[in-house]
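Have a look at the structure below before the remarks.
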Amino acid sequence: AGLAAVSSDATATVSIETVIAPQLTIVYGSQTGNAKRHAEALSTQLEGAGFGVRLLRADAYPLRELKNERHLVVVVSTQGDGDPSDDARAFVEFIAGKRAPKLPDLHYAVLGLGDSSYPQFCAIGRQLDERLSELGATRWFARGDADLDIDTVATPWFITALAAAKDALKPQVPLATVTPLRPHAQQTASTYTRDNPFPAGILANQCITGRGNHRTPSSDKEIRHIELSLEGSGLKYEPGDALGVWPVNPPKLVAALLATLQLDGDAVITHDTQALPLREWLSTKREITRLSRPFLTQHAARANSAAFDAILAPDNAAALTDLLANRQLIDLLREFPATWTADELVATLRPLTPRLYSIASSAKAVGEEAHLTVAHVEYMVDDDPRWGTASNFLARSDEGTIPVFIEHNDRFRLPKDDSRDVILIGPGTGVAPFRAFVQERAKSGASGRNWLFFGNPHAHSDFLYQVEWQDALKSGALHRLDLAFSRDQDHKIYVQDRLRERGAELYDWLKSGASLYVCGDATRMAKDVHAALLDIIATHGGKSADAANDALNDLQTQGRYARDVY
Ligand code: 2AM
């Protein structure tokens, strides 16, 4: 039997119904919602100018129609190491692959989103742009490659898009005056948003790893359980949603930067119509931990250092990757001194952006609270600790408030039919949303079974929420628990090894309609788990590698294989 036999309950496709015939199609691929938000904004602008727009998430795009398309706009993000968002994977593979049609009649434009602190910055946008051209399509207007400060590139790109549409297409008068329908799964009534965050009180903030004297040097990861109050905010979330956190940079680090640069923190700097003291810019408005390539280029022009220029040389990719991954602004300034004026600094550093954390609680179980499971990112530079911006902000906050908002994630949802089984794969902090899933299913009395795969270095120090899982097993809220403690024996054991061991059963669960969820590390874990799932489907379903790949893609399209990876 095929795995796709079960009726689909994928979340609603996010197409906007227009009352005028579509003249152009916007396709987006989005992991954390940025590409989606920008595709929607572009669609609204084009509709406002009278154009008929069809807006589709990439996995809802009928690939068969590509050859009939005349005007196509793609807004697509690139994940960490150069991967597409999950919802765009099939779209990107199809266009890259042998089955892609020739597209002589197509005009297309691509807006890529990415993070220039990764070497594969905007790789997916670039690949699509090049491949569509190779297929004979005409580049309608030039690609945009947007960094974390998306609007710097997106806003002028939208203006170009609008002008291009006016050139190539005739605005249509709407056939009826019906307001376009925007079917969003959850719309919060709250006035608190990304740009107007809610100050959430801190109810609890405790370390949940390395209890007792068991902390070993190989297992020194500090993971914290944080409980925030949403009381009075009107903020609503579903299991699978994330909490956006606006961090504040550490005062000590800001002071160290000011001292190193010999700049006055009280000097008021005006940029983008905002006038703030430099100290405030560096504390709450600018990214001072992760370096970006544009900044490094500007720094090279000021530093006059042959050694630094060598790191940026095209043939030295490894040195650049190492610098981006392991050094912060303060390290750069100390190792390669240069003069920056306050104005230049504010103009060149990237805006601070919020960080997203998968919510670890169900509102049904905890009321007006949101719980987080946060790994405190810490590493040493010459015996000096360096921290991740938001995780350190959260770790060091135990009084006061945290500016937060809800980021909905329609792609990571429990099955609507609660008699369906779920298989939850969440090593490390990846377990967070599954605590929410299990709480939710227990509260709503779901009849489907819950199977959790969890892994971490050591059972004695890193078994996150151990007591809760054991209680859930006893009460029947959790049906199966498989554990992979990687360093409790002389060879590594990971969640994917447990998946393989349980392959036959896992395949049975899938055959009877179970959904698969993966949360956690994107660069290694999610890829290895993906490979294990393909093996399991091939082995236990008697399928070729290609057929197993198609089956897993099918599950993904049906919303039965969802990932929340970072
Ligand atoms: P390790 O650090 O002992 O190698 C959470 O971080 C858990 O995920 C840890 O037990 C970690 O093991 C493990 N892990 C590391 N790499 C992994 C991979 N490629 N796949 C699955 N788990 C991995």
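FYI, it's all coordinate maths here, none of it is from the lab. These numbers come from a predicted model, not from an experiment. Every residue, glycine among them, receives a Cβ derived from its backbone with ideal geometry; neighbour counts consider all protein chains shown.
With every atom except the alpha carbons ignored, what do you get for Rg and Dmax of segment 365-494, in angstroms?
Both quantities, over Cα of segment 365-494: 17.1, 54 Å.
Normalising by the residue count of the chain, find the relative contact order in percent from Cα pairs under 8 Å and 6+ residues apart.
Contact order relative to length: 15 percent.
If you take the beta carbon distance between Thr273 and Asp382 as r and set R0 to 51 Å, what does 1/(1 + (r/R0)^6) give as a FRET efficiency, to the nearest 0.05?
Using R0 = 51 Å, I get an efficiency of 0.80.
Expressed as a rounded percentage, what relative contact order does segment 406-491 have, with Cα pairs under 8 Å and six or more residues apart?
For segment 406-491, the relative contact order is 30 percent.
Could you work out the relative contact order of segment 374-429, using alpha carbon pairs under 8 angstrom and six or more residues apart, expressed as a whole percent?
27 percent
Per residue, how big is the convex hull of segment 504-566 when only Cα atoms are used? Give it in Å³.
With only Cα atoms used, segment 504-566 gives 75 Å³ per residue.
Between Thr193 and Arg500, what length in nm is gained on full extension when 0.36 nm per residue of separation is reduced by their alpha carbon distance?
Once the chain is fully extended between Thr193 and Arg500, it gains 106.3 nm.
Can you give me the pair-distance distribution of the chain, C-alpha pairs, 10 Å bins, whole percents?
The percentages, shortest bin first, are 3, 16, 25, 27, 20, 8, 1, 0.
Calculate the spin-label point distance for Gln470 paired with Asp264, positioning each point 7 Å from the Cα along the beta-carbon direction, and give it in nanometres.
6.1 nm
Show me 406-414, 296-304, 56-64 ranked by packing, highest mean number of other Cβ atoms within 10 Å first.
Top of the packing list down: 406-414, 56-64, 296-304.
Tell me, Kirkwood radius of segment 456-566 from alpha-carbon pair distances, in Å?
After inverting the mean inverse Cα-Cα distance, the result is 15.2 Å.
Can you say what percent of the DSSP beta bridges in the chain, counting only those with both residues inside, are antiparallel? Round to 5.
The antiparallel proportion sits near 50 percent.
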